[in-house]
Number of protein chains: 2
Amino acid sequence: MTDSSLQPAGPVTDDAQRARPVDPARGTRRGLALDQISLDPGFWKTLQDANSAGTLRHCIEWMERLGWLANFDRVAAGTMDHNRPGWQFSDSEVYKLLEALTWEYGRTGDAEVDAIFESLVDRVAAAEDEDGYLNTYFGHPGRPERYSDFSMGHELYCAGHLLQAAVARMRTKGEDRFVALGRRVADHVLREFGPEGRNGVCGHPEIEVALAEFARATGDTRYRDQARLFIDRRGHGTLTPVPLLGPAYFQDEIPVRDTESWHGHAVRALYLAAGAVDIAVDAEDSALLNVLEEQWHHTVARRTYLTGGMGSRHQDEGFGEDWELPPDRAYCETCAGVGSLMVSWRLYLATGRVEYVDLMERTLFNVIATSPSPDGTAFFYANPLQQRVEGSDVLPDAVNSRAEGGVRAPWFDVSCCPTNLARTLASWQSYSASVEAENLAVLLQYTAGEFDFPLRNGLLRLHVSTDYPNASDIALSVSEAPREGAALRLRIPSWANGASVSVNGGPADPVTPGWCDLPEPVFEGEEIRLVLPTEPRLTWPDPRIDAMRGTVAVERGPLVLCVESRDLPEGISLESVALDVSVSPSPDGDGARARAKSVKTPAQARGALPFGGVPADQEMSEEFDLILVPYHRWAERGPSTMRVFVPVAVDPISKSPSGPILEGRSDER
Amino acid sequence: MTDSSLQPAGPVTDDAQRARPVDPARGTRRGLALDQISLDPGFWKTLQDANSAGTLRHCIEWMERLGWLANFDRVAAGTMDHNRPGWQFSDSEVYKLLEALTWEYGRTGDAEVDAIFESLVDRVAAAEDEDGYLNTYFGHPGRPERYSDFSMGHELYCAGHLLQAAVARMRTKGEDRFVALGRRVADHVLREFGPEGRNGVCGHPEIEVALAEFARATGDTRYRDQARLFIDRRGHGTLTPVPLLGPAYFQDEIPVRDTESWHGHAVRALYLAAGAVDIAVDAEDSALLNVLEEQWHHTVARRTYLTGGMGSRHQDEGFGEDWELPPDRAYCETCAGVGSLMVSWRLYLATGRVEYVDLMERTLFNVIATSPSPDGTAFFYANPLQQRVEGSDVLPDAVNSRAEGGVRAPWFDVSCCPTNLARTLASWQSYSASVEAENLAVLLQYTAGEFDFPLRNGLLRLHVSTDYPNASDIALSVSEAPREGAALRLRIPSWANGASVSVNGGPADPVTPGWCDLPEPVFEGEEIRLVLPTEPRLTWPDPRIDAMRGTVAVERGPLVLCVESRDLPEGISLESVALDVSVSPSPDGDGARARAKSVKTPAQARGALPFGGVPADQEMSEEFDLILVPYHRWAERGPSTMRVFVPVAVDPISKSPSGPILEGRSDER
């Protein structure tokens, strides 16, 4: 599966397995390769199986149906004209699917998947121009000229996705005609946009992160230099602003190095940041890396939802100001979740800091897992934290708008999310474990399966048994280890107060959130038991988040929970529900559900306007048990209203949200 | 000033003065005409003077500079081509300005204003096609075909604004060449879109309300029938939806008669409703009128801001769902304020209900008065209730985007608001008083000036002296009255608890919000004193408004107040301010300001995300006096952050927003 002719990319050279999306040219941390982890039945295998069985074919069918694939055939046949279906970036969906297919093949070795990949490459490759330019929207008779619209043309964005697919191919099957096509496309970009070429950047970042990884995969640093050039060119207002959105929409009003917080279109900002991390790492630019870490911390602390979702605004699919986090109009695009994983993973590999992996877990369980339907053929594009009006029951078998409220759709007018999910889930393993300095095995995400850590002194094979996140127990058994044992590091999630670790049936030693290095090396036959308490817990918003004032959320383990109207007692509407926080929420039947004490608050009679001379009367009129269910599966049982942040009931006696939870500050972390 | 050859429009026939925008063909209520009211120095005269001296010329200068006026010259000269400046609706700005100019002339008789009007008509009229079609965007060589884009073409929208200007001309100067042009344009619309014509409606309603009033002004009911046809055609999905926005954007997914609440693009929804009220009244369609009253009540009770502002979303400039009223992303377009006035005024004339006039006062003081700068040459397009980040100090002398945060702009890419303000302020008088059944004088808005009520038995002339809303006292003196006296009705605003009326220095009789009919007729020489208490008061949001939970606003009289960062003590930022509601706010110096007790709440230290395991610590760290200033003048002293709804401080002892204000519910209205 690995082509031995590939050049080593950096100082870590002894790991021959290359099937991973990110492989920095410098540094001592490396993710496991796809075939070094096999999943057992559990949360992530269910999602990955739905991706294999459902999403991959679903995407091909839709792109065939809409003519996005046929666009390549028409260019090859010279019949492309002014009437071309799909947006200017529809080629990129084909490339993201190619990337997904080749990771899928790399993970499974499934010859049928490989054959599908090759049949798509037949069509894509036939549309290549002689000079390596490849785009079905621009540069053909009846079509706009090449590079005539840097702001919205997405030509380099499309090229970037092709290069990411080529990297995946190189690392799963080795050099082939598709990789060669990628080289020609990349070389064309270098000729057109090099230091002596056009002084342009693409309105949608992507080429930067793609070229950086292409440099790593090929060992050719010219590609990295070009990525760096694109990053340095950006932020100087060379792009023609889009009406109403301005240059901040595509991060062209300020250079990356001078940026305090991510802003503008969320996916654009995150793809750009991912590429900048790659450059900072490979070029040993620690000043740039520091700036990017600061951006992450500023953005995560002030512009990120409890789900890990990013993007507060529909208008520009963008970040809002600090503290602007409306639950109802949260955009939290699925693709921004993918972008966030891309950045956090790169920052983890660069620094080894645990908070990046914590955010990845949150985003995986509450954004990535939320989007697809169980069969992988319908998707949320936006992932709001509140739904005021019931969505449709079933959407038509048609192209939908991006943000149909409350129901997953089979396909979208702009359909970036299905293929982005596909490539992410096909390569899920690559984000779950790593090796540090060739001698430390690091387990990052918990799921049932087998992990092969290639350490300097030999293989550490860990078998993980768990029903996490539905259960607290995670059992690790060492089925193979180097003779002198192996160092093992476990991630204790930031929410896991009261976690413990025991070795070989010994006492359960309390561990605190962060990294937990086992005090002794592990040996073959040993058993380690990690317990991550998944009791339901209340989570409070920062008081500066205006749109969440007076509310609280309930979480269990890594799962954000929500209230869906279909779980409410007959006759009670979600808009009159308040949570009584004087009673702690408790687990409910299914391991991922919770039950809390709730009250119905009466609606207020007001004048003509919804404002009055006295505050809301919050007397509790009816007490009942509130069922909370995992957010990632909301709207799956049919139309419902939903909210993650529930208003806090005010005690009618003291008029305050009192009780042990409020007074007891000892659990502050 | 009035052409006596005009046909009477309905049963009310004895009022020869016709200079008013709305004159229903049926019913017993009629607004005063423009020349029946003259304003003395005061709040509204200041705004009207700035409109006269600043805005009218400013709009002409900008439309000249951008070529929007020259578009007419180019069509006339046959030189229009593919390269035409301005959006497809830029002609409408010229027509709204014509309407403003002719109201201005009708009010003032200023010959210079009339000359400007005529000079613009020279240019507009020259662009008319032979068949009465008049549009500079469509139907010329190199331009799109006529009626080739109903969804976004705005052709009938532009025609509607021309007809509204023609109505204003008819009622201020009488039949002339511009009115004749209007007739040709209207007749063209009838030929093209009559029962046997194209089955189309305009993506932006306006032609309906314009044709309805044109029918009233001309006495020709064919125009009314056409308006009715447009209204009945709408809501059946004939318009091609705009990507992402869908048919609800232009109210084409459900007929007006079946609509529960205003939705979609706010200005579109309101213009459509205004036309529908006209049709319901003139055609005696009481079922339709009931539906429109229900729509008003539903929308005002659940989708309207404290300022009277409408529109919660930037993406579609539209209404949100019920209770979706974010202060920070409130759109509250100035033009939606104009549209709201149009609907409420028509509903008042149709029903005589006071709540419509109450909302108009709120909208006039807090949306209409907010938009223009003191000199009338810069404007807010959107009117949010919270500004998180300081705006620019001064904007460039350039076309700006619609929603530059926190600073008024001289002109916009889509520049509908300046001309809409111009026509509204030029005819402000017409909304301030009315006569009912020819024998009852009704004073609706309070401002210093002289009001001539033409009653059946003679003239009632009322002189009003007041510094309202900066002062509570309103002195009315009767300088002329019919011999047998006149019946007088006063509006007591919904917020005015503790109001009183005294006649001729007699005792102050308490009056309650609603209509106050003086118990005896008024006679020449009498003096009436109305006191509307303008003590600062707290106003609380409905608990279902998630984005305002835990906050309170302060109002004084009809004015919504706000906190601006420049009034905070040194070193305190607006995001850490909370209001101590155990102390009532008090007046502060200037009659329109208030002072309240406030505290600084410490920022919370959290983890990586802005969420934590304990609720916000709201201990008060520092007490200070909070200055509140009128919202309508915010951002005038330079860059600031601002908020109308201020978080309520929680008492550190009881942890509750306790105190007399919370406990005392006796002031509920």
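The set of residues in the range B:371-385 being surrounded by fewer than 24 Cβ atoms within 10 Å (Cβ to Cβ) and touching a residue at least 60 places away in the same chain (Cβ under 8 Å) consists of B:373, B:374, B:375, B:377, B:382.
Selection over the range B:471-512 of residues that are of a type outside the set (Asp, Glu) and assigned to a loop (DSSP other than H, G, I, E, B) gives a count of 18.
Number of residues in the range B:547-564 that are in contact with a strand residue (DSSP E or B) (Cβ under 7 Å, 6 or more places away or on another chain) and either in a loop (DSSP other than H, G, I, E, B) or closer than 12 Å to residue B:643 by Cα (or both): the value is 12. Quick one: in the range A:283-325, which of the residues that are at the interface with another protein chain (Cβ under 7 Å from one of its Cβ atoms), aliphatic (A, V, I, L, M) and not in a loop (DSSP other than H, G, I, E, B) is surrounded by the fewest Cβ atoms within 10 Å (Cβ to Cβ)? Once the filter is applied, the top-ranked residue is A:301. Among the residues of the range A:583-604, are any in a strand (DSSP E or B), within 13 Å of chain B (Cβ to nearest Cβ) and either modelled with pLDDT of 90 or more or surrounded by fewer than 19 Cβ atoms within 10 Å (Cβ to Cβ) (or both)? So far as the range A:583-604 goes, no, none of its residues is in a strand (DSSP E or B), within 13 Å of chain B (Cβ to nearest Cβ) and either modelled with pLDDT of 90 or more or surrounded by fewer than 19 Cβ atoms within 10 Å (Cβ to Cβ) (or both). Any residue in the range B:305-326 that is at pLDDT 95 or above and over 30 Å from residue A:313 (Cβ atoms)? The answer is no, given that none of the residues of the range B:305-326 is at pLDDT 95 or above and over 30 Å from residue A:313 (Cβ atoms).
From the list A:456, A:491, A:483, exactly one residue is among the basic types (Lys, Arg), under 20 Å from residue A:18 (Cβ atoms) and touching a residue at least 24 places away in the same chain (Cβ under 8 Å). Which is it? After ruling out the rest, the residue left standing is A:456. Answer yes if at least one residue in the range B:235-254 is farther than 20 Å from residue B:311 by Cα, more than 14 Å from chain A (Cβ to nearest Cβ) and of a type in the set (D, E, K, R), and no otherwise. No; the residues of the range B:235-254 include none that is farther than 20 Å from residue B:311 by Cα, more than 14 Å from chain A (Cβ to nearest Cβ) and of a type in the set (D, E, K, R). May I ask you to verify whether residue B:372 is at pLDDT 95 or above, touching a strand residue (DSSP E or B) at 6+ places or on another chain (Cβ under 9 Å) and closer than 30 Å to residue B:298 by Cβ? No: the conditions fail for residue B:372.
Could you check the range B:443-470 and list, in sequence order, the residues that are assigned to a loop (DSSP other than H, G, I, E, B) and over 27 Å from the mean Cα position of the chain (by Cα)? Hits for the range B:443-470 are B:456, B:457. Picking from residues in the range B:515-544 that are over 29 Å from residue B:644 (Cβ atoms), outside any strand (DSSP E or B) and in contact with a strand residue (DSSP E or B) (Cβ under 8 Å, 6 or more places away or on another chain), the one that is nearest to the other protein chains (Cβ to nearest Cβ) is B:518.
In this structure, does residue A:629 turn out to be modelled with pLDDT of 90 or more and either within 14 Å of chain B (Cβ to nearest Cβ) or in contact with a helix residue (DSSP H, G or I) (Cβ under 9 Å, 6 or more places away or on another chain) (or both)? Considered against the rule, which asks whether it is modelled with pLDDT of 90 or more and either within 14 Å of chain B (Cβ to nearest Cβ) or in contact with a helix residue (DSSP H, G or I) (Cβ under 9 Å, 6 or more places away or on another chain) (or both), residue A:629 comes out as yes. Checked against (1) away from chain A (no Cβ under 13 Å); (2) over 18 Å from residue B:626 (Cα atoms); (3) aliphatic (A, V, I, L, M); (4) under 31 Å from the mean Cα position of the chain (by Cα), residue B:547 meets all criteria but (1). Note on the range B:98-147: residues that are free of Cβ contacts under 8 Å to residues at least 40 places away in the same chain and within 21 Å of residue B:82 (Cβ to Cβ) total 5. When the criteria are applied in full, residue B:657 meets the requirement of being surrounded by 18 or more Cβ atoms within 10 Å (Cβ to Cβ), at pLDDT below 65 and either of a type in the set (Phe, Trp, Tyr) or closer than 26 Å to residue B:559 by Cα (or both). Scanning the range A:514-537 for residues that are surrounded by fewer than 19 Cβ atoms within 10 Å (Cβ to Cβ), within 26 Å of residue A:584 (Cα to Cα) and in contact (Cβ under 8 Å) with a residue 60 or more places away in the chain yields a count of 2. If the condition is being of a type in the set (A, V, I, L, M) and in contact with an Asp or Glu (Cβ under 7 Å, 6 or more places away or on another chain), then the range B:522-577 contributes B:531, B:547, B:561. From the residues in the range B:240-254 that are touching a residue at least 60 places away in the same chain (Cβ under 8 Å) and touching a Pro at 6+ places or on another chain (Cβ under 8 Å), which one is farthest from residue B:151 (Cα to Cα)? Within the range B:240-254, the match that is farthest from residue B:151 (Cα to Cα) is B:249.
Restricting the range A:199-221 to residues that are out of contact with any helix residue (DSSP H, G or I) (no Cβ under 6 Å at 6 or more places or on another chain) and not hydroxyl-bearing (Ser, Thr, Tyr), which is nearest to residue A:171 (Cα to Cα)? Top of the filtered list is A:216. A residue that is within 12 Å of chain A (Cβ to nearest Cβ) and at pLDDT 90 or above occurs somewhere in the range B:555-572. Could you check, for the range B:550-568, whether at least one of its residues is among the hydrophobic types (A, V, I, L, M, F, W, C), more than 27 Å from the chain's Cα centre (by Cα) and surrounded by fewer than 24 Cβ atoms within 10 Å (Cβ to Cβ)? For the range B:550-568, residues among the hydrophobic types (A, V, I, L, M, F, W, C), more than 27 Å from the chain's Cα centre (by Cα) and surrounded by fewer than 24 Cβ atoms within 10 Å (Cβ to Cβ): present. For the range B:340-367, a tally of residues being away from chain A (no Cβ under 14 Å) and closer than 15 Å to residue B:430 by Cα returns 6.
Filtered by the rule that a residue be of a type in the set (Asp, Glu) and under 22 Å from residue A:434 (Cα atoms), the range A:35-65 gives A:35, A:40.
Okay, residues lined up against (1) within 14 Å of chain A (Cβ to nearest Cβ); (2) touching a residue at least 40 places away in the same chain (Cβ under 8 Å); (3) touching a Phe, Trp or Tyr at 6+ places or on another chain (Cβ under 8 Å):
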| residue | (1), (2), (3) |
| --- | --- |
| B:399 | yes, yes, yes |
| B:410 | no, yes, yes |
| B:419 | no, yes, no |
| B:424 | no, yes, no |
| B:429 | no, yes, no |
| B:436 | no, yes, no |
| B:441 | no, yes, yes |
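Applying a threshold of 6 Å to beta carbon distances and a minimum spacing of six or more residues, or different chains, the list of pairs starting in the range B:33-48 at a residue that is more than 21 Å from residue B:420 (Cα to Cα) and ending at one that is acidic (Asp, Glu) reads B:36/B:452; B:38/B:450. For residue B:125, the test of being under 16 Å from residue B:72 (Cβ atoms) and surrounded by 24 or more Cβ atoms within 10 Å (Cβ to Cβ) is failed. When residue B:384 is tested against the conditions (1) closer than 24 Å to residue A:611 by Cβ; (2) in contact with a Cys (Cβ under 9 Å, 6 or more places away or on another chain); (3) within 11 Å of chain A (Cβ to nearest Cβ), the lone failure is (3).
The values are calculated or read from the model by the stated rules, or taken from the named source; none is laboratory data. The model shown is predicted, which means the values in this text are computed figures rather than measured ones. No Cβ is skipped: glycine too gets one built from the backbone with ideal geometry, and neighbour counts run over all protein chains shown.
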